[in-house]
Amino acid sequence: MAKRSDTPRTAVRQIALFQVPEVPKPYKKAVQVVHSKPRAPMSLVQRKVSNSWLKNAVQNKPDEEGWWSIRIADMATEIGFDSNNREYLRDSALELMRIVFEWDVVAVEGKRPKWKASVLFPDVEMTAEVVRYRISTQLRDQVLNPDMYAMIDMNVVAKFRRASSLALYEFCVRFERIGRTAEIPWESFRDMVLGESTEAKSYLEYKYFKQKVLKPSVAEVNSQADIQVELMETHEGRRIKNIWFTVHKPGPPQLEVVIDDERVMKLVGEMVNIGLLQSEAKRLTTQHQIEELSAAVAYVKRRMADKRAAPVENPAAYLRQALKNNWAIVDSPLANADAKKALPGRKASAADKLIEQYMAEQLKQAEGYFNELDPADQDALIQRYNAQQELPGLRIGAKPGKAAKTAYFTWVGLQTWGEPTQLQLLEFATEKLMG
């Protein structure tokens, strides 16, 4: 559960608090592209560039003629291309026009609507500063509005040093929630990873493909990505026929929820309607008794419907407070009279120091809360923040500065837990003195 941090809203201060991890940069990559087979080898840079262009297309609108644009400097930063050899980057990007893909090759034979193949980027233009490109009309709708997709994090993409590792990561991450990938003939997976190339055909025996490609790729995915995968094999006699992978995301063990799924999902839906992110709502069901959550949700609904009381400006924050303070059980919200008695006779300098301590605690807790969210929820939260942030320098971009990170996590804290009361400030000060 995200604990309530007792921190008031104050001006963003330039203080060194903690090292903020990279902000996730996920996008939805259509499964037809993830499960494609290139008819030519794809280099690591080409796979990374392709992801950068697709992410840009998913998150931005094209011009009237269907062209997307991206600055070469931004693209290079996003894919982790730190070389000054821009000519190589340009040539790699242009070569993408010549690669034909067979789409959705993992689909079961007979269930695929039709066999499709095309280039992904049929038109590319480049200047010294900008790349312009168009997406195949055969896949454009699926790319922009995918019904089935893998959530690809560009921060992870940038870390890979093997093209086969990136291909393996994309194949596996889609199955993270299921726990295992589909089974696929090892020859088909070889061609997906290496392309229908001379290199791929050189691995006519599985044992060489496993030793030279699969094992190093699995090791790199497990060391660089936020998932852990394990190679599994299906035998036909003494011969390896199919391969598949187990997939899981490391994390703290979750408490088992001993209750039927329908009731849990209904409760999750009610919390999402109140304003919680889905991943947080699901996590709360592992940290609280279902009866406790149901009572807190019902309490917040009654409070929101009470016309005699002041409007609840942040229902999600109010629900978190209700859970923390057991309001649904004791039914005794903090009184304004108690709040007015808090922090009597404090000097301004002492109060300022206390506020800075609150800020430090709030930012740390906001960072922890943010890191526990799913990538899709993290991305949605960043977009909400950027939309309301009027100062460009404080928006979260590819490489946010210290001030932007501080402003962002301050905002996350206020959005998550709401405004603190003076009584809560007093409680925090008491904990510090007693500690």
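Looking at 367, 361, 372, which one is at pLDDT 80 or above, under 28 Å from residue 226 (Cα atoms) and of a type in the set (Asp, Glu)?
On the way: 361 fails: at pLDDT 80 or above; 372 fails: at pLDDT 80 or above.
Exactly one of 367, 361, 372 is at pLDDT 80 or above, under 28 Å from residue 226 (Cα atoms) and of a type in the set (Asp, Glu), namely 367.
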Practice item. Give me a count of the residues in the stretch 375-389 that are without any contact (Cβ under 8 Å) to a residue 12 or more places away in the chain and of a type in the set (Gly, Ala, Ser). Key: 1
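Could you name every one of the helices (runs of 4 or more DSSP H) located completely within the stretch 177-229 that has at least 1 residues being within 26 Å of the chain's Cα centre (by Cα)?
Details: elements: 186-194, 198-201, 206-209, 215-224.
Per the criteria, 186-194, 215-224.
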Point to revise | Residue under evaluation residue 172, criteria (1) surrounded by 14 or more Cβ atoms within 10 Å (Cβ to Cβ); (2) without any contact (Cβ under 8 Å) to a residue 60 or more places away in the chain; (3) not in a loop (DSSP other than H, G, I, E, B), criterion not met | key: (2)
Practice item. Could you list all residues from the stretch 403-427 that are modelled with pLDDT under 70 and surrounded by fewer than 20 Cβ atoms within 10 Å (Cβ to Cβ)? Key: 403, 418, 419, 421, 422, 423, 426, 427
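The values are calculated or read from the model by the stated rules, or taken from the named source; none is laboratory data. These numbers were taken from a predicted model, which means no experiment stands behind them. A quick note on method: Cβ atoms are made from the backbone with ideal geometry, for glycine too, and the neighbour counts reach across all protein chains shown.
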